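The block underneath contains the structure these notes are about, expressed in structure tokens.
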Amino acid sequence: MGIDVLLGLQWGDEGKGKIVDYLAPKYNIVARFQGGPNAGHTLKFDGKKFVLHTIPSGIFREELNNLIGNGVVLDPITLEKEIQKLVEVGVDFHHRLFIARKAHLILPTHRYLDAASENAKGKAKIGSTLRGIGPTYMDKTGRNGLRVGDVTSPNFLEKYETLKQKHLNLLGQYPAVEFDLEGEEQKWMDSLQLLRSLNHVDCEYFINQALADGKRILAEGAQGSMLDIDFGTYPYVTSSNTITAGVCTGLGVAPSTIKDVIGITKAYCTRVGSGPFPTELHDETGELLRKEGAEFGATTGRPRRCGWIDLPQLKYAIMVNGVTQLNVTKLDVLNIFDTIYAATHYKIDGQLTDQLPFDLCDEEVEPVYEAFGGWQESLEAGSDYADLPAAARHYLEALERYLGVPITIISVGPERASLILKD
């Protein structure tokens with residue numbers, strides 16, 4: 001047994017939550033290994049919509065344990081809100097949700113700093129979700145952070161006040177922004193009562209013991225590969241490693257434990273916030289993709305930038321992640337188009353390439369497209385792959401040939417059952 005990894009191959013919002021929910025019955029544990037409440041995984045079933053920001057997407061499967069790993073940064077207020085919604089729909093989670101003691105805490109002043117820092121950047125904003133993620137990871141690497149295990153320490157309040165004062169000193173360097181620190185701090189302190197009541201574990205021992213016991217584990221990524229702090233479109237990235245390598249540091253496991261890597265891509269491409277996006281469409285087609293795909297952020301509600309699928313970018317993400325199989329989501333959004341395009345190369349300084357440049361921000365990149373005929377008919381959920389329109393199969397098989405990785409699952413709608421299995 002080992003750990004299978006499921007992660008996004010674009011700039012996030014690829015539909016990971018739904019795929020995790022579908023695959024979850026094959027596993028014993030679903031584990032989040034990085035990121036924080038800036039990520040939102042949306043699931044739809046029984047006519048209801050659920051958005052998870054911190055809790056793994058396996059929580060709705062009553063036989064599964066769910067682990068928030070040490071690589072995650074956790075806001076107790078957000079966690080409390082998520083848990084309240086689970087309680088409202090009758091999900092029994094107490095014995096199935098585990099939190100790493102070494103996961104770092106997002107303080108109210110982290111969010112305050114995030115807002116002040118982003119505001120001060122003016123036109124150079126990186127598109128932060130203002131959830132305090134960046135400042136929390138900065139404290140983690142700066143060895144100042146507070147961790148989940150600290151909330152049961154007898155000198156917790158002393159540690160809290162020391163870090164808070166550091167933040168207040170830093171805030172003096174920025175122009176003033178509106179932030180109700182007193183009110184947010186009260187909510188944060190109140191939310192600790194619930195956090196203390198949950199199952200805290202030493203993640204590295206917990207997960208390795210599960211592996212020794214023959215348990216099957218699915219590591220659930222948040223955000224997307226192109227937001228990775230090292231290999232994404234820097235500086236328009238998140239503050240953690242969103243790629244497969246992040247599983248090892250985010251859960252405390254050896255590289256040899258990683259088995260299958262399942263990469264999720266939309267049938268087209270989207271991005272939220274600032275940063276380079278070579279295939280972005282600034283026309284009616286982009287607006288149509290946004291409308292048909294309901295492309296608005298699950299966490300922020302911000303409209304997503306939309307464009308055609310970018311195969312050089314996907315090939316890059318597959319390489320750095322070691323992807324062994326592809327899942328394609330939102331194929332149904334393309335139903336209305338008579339012609340569909342896929343970028344197969346970039347033209348940079350007059351030269352064709354299928355490799356990403358060192359810095360997409362500074363390079364003038366012109367995508368080179370291949371056209372595919374559309375199918376202009378509905379894709380039925382639960383159909384066999386062979387029943388898909390010939391044009392849809394041609395498009396998917398062209399993706400497989402270019403990317404060199406088999407497609408195993410295709411999503412053709414938002415509901416849990418709207419999936420087609422290939423091979």
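The values are calculated or read from the model by the stated rules, or taken from the named source; none is laboratory data. Just so it is clear, the model here is predicted, and its values are computed rather than measured. Positions of Cβ are generated from backbone atoms using ideal geometry, with glycine treated the same way; all protein chains shown enter the neighbour counts.
Filtering Leu130, Leu171, Leu146, Leu181 for residues that are in contact with a helix residue (DSSP H, G or I) (Cβ under 9 Å, 6 or more places away or on another chain) and modelled with pLDDT of 95 or more leaves a single hit, Leu146. As a summary of the residue check, Glu182 satisfies the conditions (1) loosely packed, with under 11 Cβ neighbours inside 10 Å; (2) touching a residue at least 12 places away in the same chain (Cβ under 8 Å); (3) part of a helix (DSSP H, G or I) except for the one numbered (2). With (1) in contact with a strand residue (DSSP E or B) (Cβ under 9 Å, 6 or more places away or on another chain); (2) assigned to a helix (DSSP H, G or I); (3) not polar (S, T, N, Q) as the list, and Met138 as the residue in question, which single condition is left unmet? Every condition holds for Met138 apart from (1).
Among the residues of segment 247-274, those that are among the small types (Gly, Ala, Ser) and either at pLDDT below 95 or more than 27 Å from Phe296 (Cα to Cα) (or both) comprise Gly250, Gly252, Ala254, Ser256, Gly273, Ser274.
Just name the residue that is nearest to the chain's Cα centre (by Cα) out of those in segment 204-240 that are among the acidic types (Asp, Glu) and over 14 Å from Ala254 (Cα atoms). Ranking the qualifying residues of segment 204-240, first place goes to Glu220. Within segment 33-57, which residues are modelled with pLDDT of 90 or more and touching a Gly at 6+ places or on another chain (Cβ under 6 Å)? Within segment 33-57, Phe33, Gln34 meet the criteria. For beta carbons closer than 7 Å, sequence separation of 6+ or different chains, a first residue in segment 92-104 that is under 20 Å from Tyr160 (Cα atoms) and a second that is in a strand (DSSP E or B) and of a type outside the set (A, V, I, L, M), the qualifying pairs are Ile99/Asn199; Ile99/His200; Arg101/Arg147; Arg101/His200; Lys102/Arg147; Ala103/Arg147; His104/Arg147. Candidates in segment 201-221 are the residues that are more than 15 Å from Ile99 (Cβ to Cβ) and outside any helix (DSSP H, G or I); of these, the one that is modelled with the lowest pLDDT is Gly221.
Yes/no matrix, rows are residues, columns are (1) in contact (Cβ under 8 Å) with a residue 60 or more places away in the chain; (2) touching a Pro at 6+ places or on another chain (Cβ under 7 Å); (3) in a helix (DSSP H, G or I); (4) not aliphatic (A, V, I, L, M):
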| site | (1), (2), (3), (4) |
| --- | --- |
| Asp4 | yes, no, no, yes |
| Leu7 | yes, no, no, no |
| Asp13 | yes, no, no, yes |
| Val30 | yes, yes, no, no |
| Glu62 | no, no, no, yes |
| Asn70 | yes, no, no, yes |
| Lys81 | no, no, yes, yes |
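State all residues of segment 385-414 that are of a type in the set (D, E, K, R) and modelled with pLDDT of 95 or more; if no residue qualifies, say none.
Arg393, Glu397, Glu400, Arg401
Screening Ala386 against (1) surrounded by 13 or more Cβ atoms within 10 Å (Cβ to Cβ); (2) over 28 Å from Ser274 (Cβ atoms) leaves a single unmet condition, (1). Within the option set Leu157, Leu171, being touching a residue at least 40 places away in the same chain (Cβ under 8 Å), farther than 25 Å from Gly246 by Cα and either of a type in the set (A, V, I, L, M, F, W, C) or surrounded by 15 or more Cβ atoms within 10 Å (Cβ to Cβ) (or both) holds for one residue only, Leu171.
When segment 260-286 is limited to residues that are touching a residue at least 12 places away in the same chain (Cβ under 8 Å) and among the acidic types (Asp, Glu), the one that is farthest from Ala342 (Cα to Cα) turns out to be Asp260. Selection of segment 392-422 for residues being more than 19 Å from Ala24 (Cα to Cα) and among the acidic types (Asp, Glu) yields Glu397, Glu400. Taking segment 309-332 as the range and being of a type outside the set (A, V, I, L, M) and closer than 18 Å to Gly263 by Cβ as the test, the residues that pass are Asp310, Pro312, Gln313, Lys315, Tyr316, Asn321, Gly322, Thr324, Gln325, Asn327, Thr329, Lys330. Remark: pairs (first residue in segment 373-399, over 18 Å from Leu311 (Cβ atoms); second residue of a type in the set (Gly, Ala, Ser) and exposed (fewer than 13 other Cβ atoms within 10 Å of the Cβ); Cβ separation under 6 Å; 6+ apart in sequence or on different chains) = Ala381/Ala417. If the condition is being modelled with pLDDT of 85 or more and assigned to a loop (DSSP other than H, G, I, E, B), then segment 101-124 contributes Arg101, Lys102, Ala103, Ile106, Leu107. Just a yes or no: is a residue in segment 226-241 within 27 Å of Ala392 (Cα to Cα) and at pLDDT 95 or above? Checked segment 226-241: at least one residue is within 27 Å of Ala392 (Cα to Cα) and at pLDDT 95 or above. Among all residues of segment 193-200, there is at least one that is in a helix (DSSP H, G or I), at pLDDT 95 or above and of a type in the set (D, E, K, R).
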